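This report refers to the structure that appears directly beneath it.
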Amino acid sequence: MKRPRKVLIGSSLVALLAALGIAQQQLEKIASAQTKSAVQAPKFEVDPMWPKPMPNHWLLGNTIGVGVDSRDHVFIIHRGATLEAKEVYAQENPPASDCCKAAPPVLEFDAEGNYVNAWGGPGQGFEWPGSNHGITPDSKGNLWIGGNGPDDGHILVFTTGGKFVKQFGFAYASAGSNDMWAFNKVAKISLDEGANEAYVADGYGNHRVAVIDMTTGKIKRYWGAYGNKPDDTNLGRYNPNATEPAKQFRNPVHCAVPSNDGLVYVCDRPNDRIQVFTKDGKFQKEVFVEKTTLGDGSVWDIAFSKDAQQKYFYLADGANEKIHVFDRASLTELTSFGDGGRQPGQFYAVHSIATDSKGNIYVTETYRGQRLQKFVFKGLAPVSKKDQGTVWPTRTSTH
Amino acid sequence: MKRAFPGACAVVLLLTASGIAQSPPAYRVVPLWPQPLPNHWVLGSVTGVTVDAQDHIWVTHRGADSLEGNEKGMMATPPTSVLCCTAAPFVLEFDANGKLLSNFGGPGQGYQWPQSPGSLAVDAKGNVWVTGSGLEPAPPGGRGRATGANADPDAVPPAGGRGRGDAAARGDAAAGARGADAAAAGRGRGRGPAAPAGPPDAHVLKFARDGKFLLQIGTPGKMEGPDSQTTLNRPAAVAVDAAANEVYVADSGNHRIVVFDSETGAYKRHWGAFGEKPTAAGGGPYDPNAAPARQFRDVTCVELSKDGMVYVCDRTSNRIQVFQKDGKFVKEGIVSKNTMGATVSGQFGVVSSWGSAWDIALSNDPQQQFVFVADGHDKKVIVLRRDTLAEVGGFGTGGRLPGQFLAVGSIATDSRGNVYTGEQHHGKRVQKWVAAGR
């Protein structure tokens, strides 16, 4: 006897497939759309039924990284140990309930949101991070992982299937922002495969961007805010009314993402700013985002749009619970979407962001959000609202 | 569908073994319900969901004290965010399409707003009843616990007790991000949600549907035990018998059901488990291998059936007891007998486990064939046959996606057969379920 699934996905799946079919055409229209007079921006809607439920009564903890590979498979990394005891009764001995337990740290989903694979944790020949952070696929089928645990000073590379490949840097070895040997609590690694270089957001302990050789892991160059020599002096709390912007990055330096045209975009999270550099670390410009934001800051992670020009970038802001849509060339914000809450399309600490080949956005939430969500690219649309709020599919079934 | 759900398999076996022909409909979630709240409002721990005679859905939640600093940045001084978010008002009314129609709640003239709203009910006249199911006083140097209640087990006493370190606290701040980062956002160990200061809840409030105060039964901080005719002890839920002008109160801390005149608040009668005299000691620690306790432990729900029966959740006893309206015991049903109601040693130390029978709703067919049990421990809804109280189905499992639950602790049905659920703990959601195929 079969019982129907509790959650029917048929209609949304059909809608999703239709949307994916036209998304590619819409991407190609971006260039011509630029010539229209009205301000246009990429438009998104959440897919409330993506991903599909995981097996084995697994739960996600703080979901602290997302990346999409060349097959449009979505990889996330999370921290099972951040789940609370009453969420993981199945981990008790003996189990206190069938529900639930922490999923393994790394999970893979296909484009339809089906669970594909899971792995991760301590093993032979490498130091699993005390607190994993960030996950970035390369084109060769590897995943690059950082960590911001108290002793994490390293980067790990695994195959997408979970086989250890190499470790750069060391745990228990951090020695400051001018060290050439180890990192200090790496937030995220972004790749420039044409140059065989990886950009390390370094991080929660150091105050720098470090560029390494992807093969050897050797640090080739590094820099701090404005391209200055990084300095680990404690700057104290961010003050939005300070007479001049901080001369150094605050912790954490949360992303450092190279663009197609040779620039590097750095998330200076608690300073509420993005700084833009050339690949050799020459400062170009900066922009502040919701400058009055205190606490965690507004600039958490960046993903570029998938058109060849990377005309737009999407900024995950886990303090204001928004995705800000920016015109990349001018660093002007065009619109934003999202709001606080636990419903589809809402966030509690939206932390990481990535795009797939169709231009769709994937985000993960840390703290008590603990989700992976997908936003479907709906093409360019005239901007009608600066703050779009929660972006739901326009055809809802509320019965 | 291809994927096998262990829960579904268990149901199949149970059906086969017991030879029950009648099974409840399957339910599917409505993922985009309710509509997004205005004003960057967010829900705290949802402790009560009910449906009124117009099929409007009423929700109560614990508001700001159950939200963490970094999700209510607009409420901080100075604000850490001007864009997100702030606690929604305590009582919210939605229509069947999930549109927010009205709201009220909070302190006012002539009554004391609860530290922790427990549950709510709307009577046939459209009046809204809210219980104050807050916290029992913390033992010296210890942590109070919200035994009362639809009572959010997550609640933390205002003072005297040790703040429960919320693991989210460590969240992204796992390291390095100490100092400015962690402090301003109100994270850090021991900074879990805390109830506002004040005397512990011991009362029930009645409002007109526009929020006008009408009646208060009991007084916060005044608890005189299970024989009292004027005081309560962290009441978790109410049900109103409009024809008889009577309100039934699940008086959790007094381990009893107590009935008052719903217009005057005058005492009528009360009883404990099995219709016996309740004692202050209650049922003691739960042991699945012991004979059923003769006293209630945590009385967390009360519902009236169309055929005049009173259904009561004894949460940490994993059972539902059924009575006549005069308190005569009829029967009991056990739900997930092995669920512990004491404490378990968890990854972050000893935490409480809370039994299986958190709240119930009766199906709305003329015979009310089914009983829906919100099991916040196992994070699912269990469906019982009402006549036998035998388990015949269920839906949901743990998680944060639509159709999944964390601590599902309140449940209600409407006239069209839809089901609504509310989640405490980190769930903080209301979800709508429809019979599949509809």
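The values are calculated or read from the model by the stated rules, or taken from the named source; none is laboratory data. All values reported here derive from a predicted model rather than from experimental measurement. When we count neighbours, we look across all protein chains shown, and the Cβ atoms used for this are built from the backbone with ideal geometry, even at glycine.
Observations
- Looking only at residues of segment A:111-127 that are part of a loop (DSSP other than H, G, I, E, B) and away from every other protein chain (no Cβ under 14 Å), we find that the one that is nearest to A:V165 (Cα to Cα) is A:G125.
- Exclusive hit being modelled with pLDDT of 95 or more and surrounded by fewer than 24 Cβ atoms within 10 Å (Cβ to Cβ), set B:D365, B:D387, B:D378, B:D359: B:D387
- Where A:K282 falls short, out of the listed (1) more than 14 Å from chain B (Cβ to nearest Cβ); (2) within 25 Å of A:N184 (Cα to Cα); (3) under 14 Å from the mean Cα position of the chain (by Cα): (3)
- Qualifying residue in segment A:6-18 (condition: under 24 Å from A:T335 (Cα atoms) and at pLDDT below 95): yes
- Restricting segment B:349-378 to residues that are among the aliphatic types (A, V, I, L, M) and more than 23 Å from B:D414 (Cβ to Cβ), the residue that is farthest from the other protein chains (Cβ to nearest Cβ): B:V350
- Within the option set A:A85, A:A81, A:A90, being free of Cβ contacts under 8 Å to residues at least 12 places away in the same chain, within 10 Å of another protein chain (Cβ to nearest Cβ), over 22 Å from A:F375 (Cβ atoms) and over 17 Å from the mean Cα position of the chain (by Cα) holds for one residue only, A:A85.
- Reported count of residues in segment A:153-171, each being touching a residue at least 40 places away in the same chain (Cβ under 8 Å) and within 14 Å of another protein chain (Cβ to nearest Cβ), is 2.
- Condition check for B:G417: touching a Phe, Trp or Tyr at 6+ places or on another chain (Cβ under 9 Å) and not polar (S, T, N, Q): no
- For B:K337, the criteria (1) more than 9 Å from chain A (Cβ to nearest Cβ); (2) within 15 Å of the chain's Cα centre (by Cα); (3) modelled with pLDDT under 95 hold in every case but one, which is (2).
- Flag if A:G134 is touching a residue at least 60 places away in the same chain (Cβ under 8 Å) and at positive phi: yes
- Test: residue in segment A:225-240 that is away from chain B (no Cβ under 13 Å) and in contact with a Gly (Cβ under 6 Å, 6 or more places away or on another chain): yes
- Residue identified as at the interface with chain B (Cβ under 10 Å from one of its Cβ atoms) and outside any loop (DSSP other than H, G, I, E, B) among A:I145, A:I76, A:I64: A:I64
- In segment B:426-438, the residue that is surrounded by the most Cβ atoms within 10 Å (Cβ to Cβ) out of those that are within 16 Å of B:P117 (Cα to Cα) and at the interface with another protein chain (Cβ under 7 Å from one of its Cβ atoms) is B:K428.
- Matching residues in segment B:379-404 - criterion: being under 16 Å from the mean Cα position of the chain (by Cα) and at the interface with chain A (Cβ under 9 Å from one of its Cβ atoms): B:K379, B:K380
- Any chance A:G295 is crowded, with 24+ Cβ neighbours inside 10 Å and in a loop (DSSP other than H, G, I, E, B): yes
- Residue match in segment A:54-61 (condition: in contact with a His (Cβ under 9 Å, 6 or more places away or on another chain) and in a loop (DSSP other than H, G, I, E, B)): yes
- Among (1) in the same structural domain as A:Q275 (by TED's automatic domain parsing); (2) among the charged types (D, E, K, R); (3) touching a helix residue (DSSP H, G or I) at 6+ places or on another chain (Cβ under 9 Å) - the single one A:R368 does not satisfy: (1)
- Complete set of residues in segment B:48-85 that are hydroxyl-bearing (S, T, Y) and in contact with a strand residue (DSSP E or B) (Cβ under 6 Å, 6 or more places away or on another chain): B:T50, B:T60
- Candidates A:P245, A:P270, A:P240: the one that is crowded, with 24+ Cβ neighbours inside 10 Å and modelled with pLDDT of 95 or more is A:P270.
- Counting only strands (runs of 3 or more DSSP E) wholly contained in segment A:159-226, no element carries 2 or more residues that are at negative phi and not assigned by TED's automatic domain parsing to the domain that holds A:S139.
- When residues of segment B:288-310 are limited to those that are aliphatic (A, V, I, L, M) and outside any strand (DSSP E or B), the one surrounded by the fewest Cβ atoms within 10 Å (Cβ to Cβ): B:A291
- Any chance A:D261 is in the same structural domain as A:D179 (by TED's automatic domain parsing), surrounded by fewer than 24 Cβ atoms within 10 Å (Cβ to Cβ) and in contact with a Gly (Cβ under 6 Å, 6 or more places away or on another chain): no
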